1. Angle check, please: helix A:197-213 long axis (alpha carbons) against the longest principal axis of chain A (alpha carbons), in degrees 0 to 90, nearest 10.
2. Roughly how many Å is it from the Cα centre of the stretch B:80-112 to that of the stretch B:233-289, as a whole number?
3. Binning at 10 Å from 0, report for the stretch B:19-59 what percent of all alpha-carbon pair distances ends up in each bin.
4. Summarise the partner chain shielding of B:295-303 as one whole number: the mean count of Cβ atoms from other chains within 10 Å of each residue's Cβ.
5. Over chain A, calculate the relative contact order: mean separation of alpha carbon pairs under 8 Å at least 6 apart, over the residue count, as a percent.
6. Using helices alone, what [θ] at 222 nm do you get for the protein assembly as shown, with -39,500 (n - 2.57) per DSSP H run of 4 or more residues, divided over all residues and rounded to the nearest 500?
7. Please quote Rg/Rh for chain B to two decimal places, taking the Kirkwood radius as Rh and restricting both calculations to Cα atoms.
8. Using Cβ counts within 10 Å as a stand-in for footprinting exposure, how do A:56, B:262 rank, fewest first?
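What follows is calculated from the coordinates using simple rules that are stated; it is not laboratory data. A quick note: this is a predicted structure, and the numbers were derived from the prediction, not measured. Methodologically, a virtual Cβ is constructed for each residue, glycine included, from the backbone with ideal geometry; neighbour enumeration extends over all protein chains shown.
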Amino acid sequence: MSTSVNVRKRSAQAALIVGLVLGAMFAAGPIVWMLSNSFKSNTEIFELPPRLITETFSFDAYVAIFADPVTMRFFLNSYVIAIAVTLLTLLISIQAAYALSRFEFRGKRVLNVVIVSVQAVPPITLLIPYFGLMVALGLYNTYPGLILTYMVFTLPYAIIMLTGYFNTLPRELDEAVRVDGAGSMTALWRVLVPISVPGIVSVGIYTFMIAWNEYLFALTLTRTIDMRTVPIGIQLLMGQHSYEWNQIMAMSVLGSIPVLVLFLFFQRYFMSGLTAGSVKS
Amino acid sequence: MASRIPSLDTEVIVTGVSPSRRRRQLRKTTESYSFLAPTLALLLVLMIVPIVMVVGYSFQDNVILGKSGEFVGIANYVAILTDAGFWRATSNTVIFTVTSVAAHLVLGLGFAMMLNSKLIGAFPRAIFRGLYVLPWLFTVAVIAVLWRMLLAPNGVINFLLNSDIEWLASPQLALGTVTFINIWAGYPFFMVSLLAGLQGIPGDLYEAATVDGASPTQRFWNVTIPQLRPIIVSLLLLDMIWTSQQFALIWMTTGGGPIDVTEVLSTFTYKLAFAKYDFSSAATSAVLVLLMSMVLAIFYVRHQKARD
């Protein structure tokens with residue numbers, strides 16, 4: 001009896017491991033291939049049979065990316081925009097979430113519904129008026145134009161997530177400070193914000209990811225090469241050097257590193273924050 | 001804390017809404033709105049105004065470029081709704097969305113259950129979880145070029161299958177291929193959320209089911225699925241909203257081609273505006289996309305409220 005249970009457990013274990021390995025090949029295989037090709041020469045990329053471990057291992061493609069001031073400019077633009085969006089989104093959403101979590105006021109319910117529903121507004125719907133609006137406001141092909149645009153998409157999510165986070169913290173914490181005569185601003189920034197670091201960090205990472213990855217508005221609201229961001233840069237590289245796959249892959253690897261690093265270091269915060277925000281409302 | 005201001009509280013009980021109470025309420029509202037002011041300003045200028053603008057455009061001709069838009073009533077709507085291209089894009093969007101979302105759920109739940117199994121140790125589980133999350137961390141531009149390379153006629157996938165299929169250029173296969181890429185890119189969001197959900201199911205529910213003689217399949221349908229249901233419904237609605245709006249992946253892999261077989265509503269609308277410079281028709285199409293998304297959003301908001 002116990003042996004048959006044991007055998008059944010063993011075979012279940014074996015099946016699970018086979019399933020997990022197949023799943024891992026599906027999930028990570030393409031990414032391993034990208035990494036492998038970024039270290040190949042262009043002739044080796046098209047050699048048959050393809051080799052996973054390259055014979056001609058070289059950093060040439062990376063050197064070419066770093067040596068090109070145009071691609072470096074794409075990175076600079078993406079960093080400036082993503083960092084600005086993250087900081088501004090946090091600054092504004094922390095204050096909004098504080099009001100929504102701690103105060104009762106007229107219009108609060110309506111506002112909650114509005115903030116949830118604007119998340120569903122399709123980017124393509126906003127694109128056409130934005131094009132006109134950004135030209136009219138003189139923000140077309142500028143940093144502020146893209147930063148403001150991205151904030152419209154990051155802000156609702158950040159507010160919902162932070163409001164949920166603040167709601168889990170006892171009101172007595174910040175109310176005590178207010179009753180003692182300090183203003184709400186002090187209660188928020190001196191008491192609530194310091195103990196909310198995990199929630200704020202996960203919102204910050206999520207915001208950075210959105211801004212770093214955005215494509216549609218970066219494509220449409222910028223015109224000159226010196227204003228393009230990394231996602232557009234990858235596409236441009238593909239168009240110009242359509243046979244230099246090693247450079248395209250090297251650029252893709254470099255363009256993925258910021259998000260990968262953030263995720264690696266803050267994985268725990270991020271996973272719990274994300275599921276708490278989007279799924280549990 | 002209430003004890004510090006007893007006189008006020010007594011007064012409220014005696015006289016109903018006292019002037020000081022009302023003043024306090026007013027101050028609270030003013031203070032709340034001062035905290036919310038930047039958010040409201042941004043949402044007004046970059047959400048409400050643009051939506052009003054795009055709706056306005058959809059009732060005019062020659063907008064943006066012509067500068068002399070004239071009111072044309074519902075003419076643009078009639079034109080778009082009788083355009084075969086619009087309906088083709090709509091049906092492609094529905095196929096792309098329904099297939100992607102269903103596969104995201106199945107793969108996400110399958111992987112989440114494998115990762116939740118106690119048959120392997122915590123460390124290997126963490127490694128596999130890290131690998132499974134990977135596709136989620138890459139920008140869509142990278143995903144697009146990566147798969148274009150993998151799926152090229154002389155690429156590694158054709159080598160492995162010993163074929164020379166034009167995955168992204170074949171009218172028969174292109175829609176299926178972009179859907180597959182979207183499935184690869186999107187399942188981790190389901191997986192992560194469902195894994196959290198699985199870990200929240202109390203173990204004694206399974207024990208009770210086992211004592212009652214339930215088989216693993218019965219435990220799955222009678223314990224796991226009902227427990228995860230609220231999360232699953234949220235995820236399905238969110239993913240439907242997002243997937244039906246997908247632009248970048250399709251734009252960068254097929255551009256809507258070959259011969260419109262992968263044209264979805266977002267690429268169709270984009271081309272009207274920025275390839276044909278017909279901003280009036282594009283605005284009309286964009287408003288129709290907005291209406292469809294709002295229907296999904298209403299279901300989502302209702303569902304979230306019901307869960308509170």
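1. Tilt of helix A:197-213: around 50 degrees.
2. For the stretch B:80-112 versus the stretch B:233-289, the Cα centre distance is 12 Å.
3. For the stretch B:19-59, the pair-distance distribution reads 27, 28, 22, 17, 6, 0.
4. Numbers: counts 1, 1, 7, 2, 0, 5, 7, 0, 1.
Rounded to a whole number, the mean comes out at 3.
5. RCO, chain A: 30 percent.
6. Values: 27 runs with 427 residues, N = 589.
Calculated at 222 nm, the ellipticity per residue is -24000 deg cm²/dmol.
7. Values: Rg = 26.3 Å, Rh = 23.9 Å.
Here Rg/Rh amounts to 1.10.
8. In order of increasing Cβ crowding within 10 Å: A:56, B:262.
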